[in-house]
Structure formats: structure tokens, C-alpha cells
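Below: the structure, in C-alpha cells.
The values are calculated or read from the model by the stated rules, or taken from the named source; none is laboratory data. Everything numeric in this text was worked out from a predicted model, so none of it was measured. As a convention, Cβ positions derive from the backbone with ideal geometry for all residues, glycine included, and neighbour counts pool all protein chains shown.
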Amino acid sequence: MKRLAIVLALVAGCSAPPPPPSFNAADVMFLQMMIPHHEQGIEMAKIAERRAVRPEVKALASAISATQSDEAKTMTTRLTRWEQPMDAAPGAHDAHGGLHDTRPSDILSLNDLPDDQFDTNFLNLLTGHQHNAVDMARTEVKTGQDTATKDLAKRIEDSRNAQIKEMLRLLAAPPR
């Protein structure tokens, strides 16, 4: 009886169709677009960790750098597991508005700002950058298939909205 059960289990396992993919093109696109976006956010945050005048801006930058580094690792791991490329062919995402990135020259300009202008310029630049992350995350939540990637996108949306709110608060508050 036991042998029959084992044989039936083996036969059933061999003849079962492969499971459908748990992700779709929207999931892949989201990850491919979000990884370089995160890299830019990390780059800006690292500059702010060195240059920010206000301690609360430095603390925010440090938290952003840590969070986005962890998220980028998760996204890279997911694309690797799915055997998908880390980035799309040039122009592949143009129909979706292209990469929602920040001009590299704007990021580099943070290095050259006078100290008394750094915090304001950094917060303004990163606010726009994080709005783009929210837009991409919302698109993934609506069009993605992979539950874990959609959950990540929702966490990114919530986190970036909270960061934007904090940055606006810091911009409105006079430095101490």
C-alpha cells in the first residue's frame, strides 16, 4: 500500500504541468526602473550624510540610505531569481514615461553648494525624487502580478510619502 502511494505521488509529480510564472512584465519593469532610482537616492543621501548642516537632515539621509540599500538588494535578488536582466534595453520603458530619475548633474551639484544652501536644495531635490518613487510604486500596485513585489511597492509608497511629509516639514521649519 505504501509503495503504491509513493509510485502514485511520483507519477503525479512527473506529469504535473509547471506552475505559471508568479510575475509579469510590470513587476520586472518596476524592479528594473526602481533599482537605478534607489541608487540615485542613496547617492543623494550619502552626500547629505556628509554635507547637511541640520542634524535632523543628516538623520533622515542616513535612514533613507539604509532603507533604500536594503530595498535595492531585495529587488536585485528578485530579478536574479526570476532570471531577468537588471536593466532593460535602452528605450524599453519609454512607453511608461521612461526612467523616473533625477538628472545626474543635479545630484552632483549638491557637492558644490555653500553650506547655508545645502539642506534646502537637498530636501527640494529629494522631495521630487521621492515623488517619482511614489508614482512608480502606485503603478506596480495596480499592474503587477507578484504579491511580494506589490507588497514591496506599497511599502515604498507609504515610506516615501512619509519621507516627503517629513521633508516638507523640515523645509517649512526654520533651522535652529
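Descriptive notes on the structure:
- Answer from D101, D112 - the residue that is closer than 26 Å to P55 by Cβ and either surrounded by 12 or more Cβ atoms within 10 Å (Cβ to Cβ) or not small (G, A, S) (or both): D112
- Residue in segment 115-153 that is farthest from K58 (Cα to Cα), counting only those that are touching a Phe, Trp or Tyr at 6+ places or on another chain (Cβ under 8 Å), surrounded by fewer than 22 Cβ atoms within 10 Å (Cβ to Cβ) and among the polar types (S, T, N, Q): Q145
- All told, R169 meets the bar of being assigned to a helix (DSSP H, G or I), exposed (fewer than 13 other Cβ atoms within 10 Å of the Cβ) and at pLDDT 95 or above.
- Positions within segment 30-70 being under 19 Å from G128 (Cβ atoms) and charged (D, E, K, R), in sequence order: E39, E43, K46, R51
- Wholly enclosed helices (runs of 4 or more DSSP H) of segment 22-135 bearing at least 1 residues under 14 Å from the mean Cα position of the chain (by Cα) and closer than 19 Å to E166 by Cβ: 25-51, 55-81
- Meets criteria (surrounded by 15 or more Cβ atoms within 10 Å (Cβ to Cβ) and either among the hydroxyl-bearing types (S, T, Y) or in contact with a helix residue (DSSP H, G or I) (Cβ under 9 Å, 6 or more places away or on another chain) (or both)) for A88: yes
- Taken together, the residues in segment 43-71 that are among the β-branched types (V, I, T) and surrounded by fewer than 17 Cβ atoms within 10 Å (Cβ to Cβ) amount to 1.
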